[in-house]
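Asks: Quick one: this structure, given as structure tokens, is what I'll be asking you about.
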Amino acid sequence: MSKKILVACGAGIATSTVVCNKVEQLVKDNNIDAEVIQCKIAEVKSKQEGADLIVSTTILPTKYDIPAIIATGYITGINMKALDQKILDELNK
Amino acid sequence: MSLKDFFVPELLFYNMKAEDKSDYFTKMSQKALELGYVNDQFEVNVKKREDTFPTGIQLEECAVAIPHTDAEYVNKEFIAVSVFEQSINFASMEDADAVLDVKLAFMLGLNQPHSQLEVLTQLMTLIQDNDKVNALLNAGSKEELEKILKEL
């Protein structure tokens, strides 16, 4: 079944753009059927229904019903492999 | 579009004197407003956003910040670069309680949310490159800073 991933940052304009691209590449490389949606963190609450995972570049202001991963590693370049794995593990659950 | 096309000489600052984050935001926003890059709502909104969603990033050797705000406050796209005379405290992007000493900041003025991938990717690649970040931090003058950014 196709997965739905929300990629969020504060404004939905800068860091989420980079992370969106990384996540899209990651799911493609691993043959995972997934839709990646870029949004503002404030929109996550209303968009989480039907989604499987939140990948955010910023602190999460609230708790969500679906798992959330903070992905600043894609911006700093630190521990990127571990981050890839964490996202894959979550999608493969 | 390439990253260097976004740098504007008037918005590059070496040894910038700013008392704190707020002072830096005021100075940069005023300058950008004066030059027509942003509208008069940019300052308040870039500050507001930084308070809610901080943009400090801890890299391997130092910390940088990439403040920005929504597209509607940007008239003309730019990336402003500041190397501070004294480090300024920014909160971390992943933990609002973590205080980072930021010596280098890239203020993003973007208004094309979904078409800036290339530019942003280049910026992220730049900040992940210790040698280049150190070169910017140690530029020594505004001219040198400009030269390094042009040659990226």
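The values are calculated or read from the model by the stated rules, or taken from the named source; none is laboratory data. What you see is a predicted model, and the numbers here were worked out from it, not measured in a lab. Quick reminder, even Gly has a Cβ in these numbers, built from the backbone with ideal geometry, and neighbours come from all protein chains shown. All accessible areas refer to the heavy atoms of the entire protein, side chains included, with ligands and DNA or RNA removed. Shrake-Rupley method; radii C 1.70, N 1.55, O 1.52, S 1.80 Å.
Asks: Among all residue pairs at least 6 apart or on different chains, which show Cβ distances below 8 Å where the first residue, located in the range B:118-141, is closer than 15 Å to B:Ile57 by Cβ and more than 14 Å from chain A (Cβ to nearest Cβ) and the second is open to solvent by less than 40 Å² (accessible area, probe 1.4 Å) and assigned to a helix (DSSP H, G or I)?
Replies: B:Leu136/B:Leu145; B:Leu136/B:Ile148; B:Leu136/B:Leu149
Asks: Also, I was wondering about something else. Of the conditions (1) outside any strand (DSSP E or B); (2) at pLDDT 95 or above; (3) crowded, with 22+ Cβ neighbours inside 10 Å; (4) of a type outside the set (Phe, Trp, Tyr), B:Ala105 fails just one. Which one is it?
Replies: Tallying (1) outside any strand (DSSP E or B); (2) at pLDDT 95 or above; (3) crowded, with 22+ Cβ neighbours inside 10 Å; (4) of a type outside the set (Phe, Trp, Tyr), B:Ala105 fails exactly one: (1).
Asks: Take the range B:81-97 and flag every residue that is more than 10 Å from chain A (Cβ to nearest Cβ) and open to solvent by 20 Å² or more (accessible area, probe 1.4 Å).
Replies: Residues satisfying the conditions are B:Glu85, B:Gln86, B:Ser87, B:Asn89.
Asks: Next question, about the same structure. Residue check: is A:Ile5 assigned to a strand (DSSP E or B) and surrounded by 19 or more Cβ atoms within 10 Å (Cβ to Cβ)? Don't jump to the end; show me each part of the working.
Replies: Details: assigned to a strand (DSSP E or B): yes; surrounded by 19 or more Cβ atoms within 10 Å (Cβ to Cβ): yes.
Spelling it out, A:Ile5 is indeed assigned to a strand (DSSP E or B) and surrounded by 19 or more Cβ atoms within 10 Å (Cβ to Cβ).
Asks: Give B:Glu50, B:Glu118 a once-over and let me know the one that is closer than 20 Å to A:Ser56 by Cα, within 14 Å of the chain's Cα centre (by Cα) and not hydrophobic (A, V, I, L, M, F, W, C).
Replies: Only one candidate passes the filter, namely B:Glu50.
Asks: Please specify each residue of the range A:28-50 satisfying the condition of being away from chain B (no Cβ under 12 Å) and either open to solvent by less than 10 Å² (accessible area, probe 1.4 Å) or among the aromatic types (Phe, Trp, Tyr) (or both).
Replies: If the condition is that a residue be away from chain B (no Cβ under 12 Å) and either open to solvent by less than 10 Å² (accessible area, probe 1.4 Å) or among the aromatic types (Phe, Trp, Tyr) (or both), then A:Val44 is the only one that fits.
Asks: Can I ask one more? Please go through the range B:17-54 and give me each residue that is hydrophobic (A, V, I, L, M, F, W, C) and surrounded by 19 or more Cβ atoms within 10 Å (Cβ to Cβ), ordered by number. Break it down into steps so the answer makes sense when it comes.
Replies: Of the range B:17-54, the ones hydrophobic (A, V, I, L, M, F, W, C) are B:18, B:25, B:28, B:32-33, B:35, B:38, B:42, B:44, B:46, B:53.
B:Ala18, B:Phe25, B:Met28, B:Ala32, B:Val38, B:Phe42, B:Val46, B:Phe53, listed by residue number.
Asks: Let me ask something additional. Please specify each residue of the range B:29-63 satisfying the condition of being of a type in the set (Val, Ile, Thr), more than 9 Å from chain A (Cβ to nearest Cβ) and touching a residue at least 40 places away in the same chain (Cβ under 8 Å).
Replies: B:Val38, B:Val46
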